[in-house]
1. Give the shape of the chain as rounded, prolate or oblate, defined through the alpha-carbon gyration tensor: a ≥ b ≥ c are the square roots of its eigenvalues, a/c under 1.5 means rounded, and otherwise the shape is prolate if a/b is larger than b/c and oblate if not.
2. Pull the list of the chain cysteines that no other Cys approaches to under 4.7 Å, Cβ to Cβ.
3. Loop only by DSSP, 16 or fewer other Cβ within 10 Å of the Cβ. Give me the trypsin sites (Lys or Arg not before Pro) in segment 79-124 that pass, ordered by residue number.
4. What order do you get for His71, His26 when you list them from fewest to most C-beta neighbours inside 10 Å?
5. Order these by the 10 Å Cβ neighbour count, fewest first: Leu32, Leu100.
6. What nm distance separates the two modelled labels at Ser40 and Glu24, each placed 7 Å from Cα along Cα→Cβ?
7. Can you give me the angle between helix 53-73 and the longest principal axis of the chain, using Cα atoms only, in degrees from 0 to 90, rounded to the nearest 10?
8. Determine the dipole magnitude for the chain: charges of +1 sit on the beta-carbon of Lys and Arg, -1 on that of Asp and Glu, nothing else is charged, the reference point is the Cα centre, and the result goes in debye to the nearest 20.
Amino acid sequence: MSDQRDTKDAVLKSMRLRCPKCGEGHLFSGYLKVAPSCDSCGLDFTPQRADDGPAYIVILLVCHFVGVALHFLYRPFLDNPLMLAVILSGGAIALCLVLLPPVKGMVIAVQWARGMHGFGARRV
Ligand SMILES: [Zn+2]
């Protein structure tokens, strides 16, 4: 098919919070608010349906990190469990906030590259 889009390239561009097509325009107009269209190539972002997908992916990743960290930090903080809870909770919150935008960009890029939802109908 000549209309193939490179998924890996689109994901790499979108994880930098840029347009999955051109890699120049901004994908988001706010922290997690998707821009209506690319300010460089004009790609319409309104067909994206990331919804709760990025949050589930981030929870999956962060919980694995916290679970592994708990194994290593349990013994050193055995006499101070409150400090361990504060460290792990703070780390989990910070990691979630850092990972959400690039993961949402990744989900949108996969939708665009695979022509999912409205991205398939309009090839801009
Ligand atoms: Zn663009």
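Read-outs throughout are calculated quantities, based only on the coordinates presented, and are distinct from any laboratory measurement. Here the structure is a predicted model, which is why all the values come from computation and not from measurement. Ideal geometry is used to build each Cβ from the backbone, glycine not excepted, and the neighbour counts take in all protein chains shown.
1. On the way: a/c = 3.45, a/b = 2.73, b/c = 1.26.
The shape class here is prolate.
2. Cys with no partner Cβ under 4.7 Å: Cys63, Cys96.
3. Numbers: sites: Lys104, Arg114, Arg122, Arg123; in loops: Arg114, Arg122, Arg123.
Those that pass, being in a loop and sparsely packed, are Arg114, Arg122, Arg123.
4. The most exposed by this proxy come first: His71, His26.
5. Numbers: Leu32 13, Leu100 17.
Placing the least packed residue first, the sequence is Leu32, Leu100.
6. 0.6 nm
7. 30 degrees
8. On the way: 13 positive and 9 negative charges, 49 e Å.
Rounded to the nearest 20 debye, it is 240 debye.
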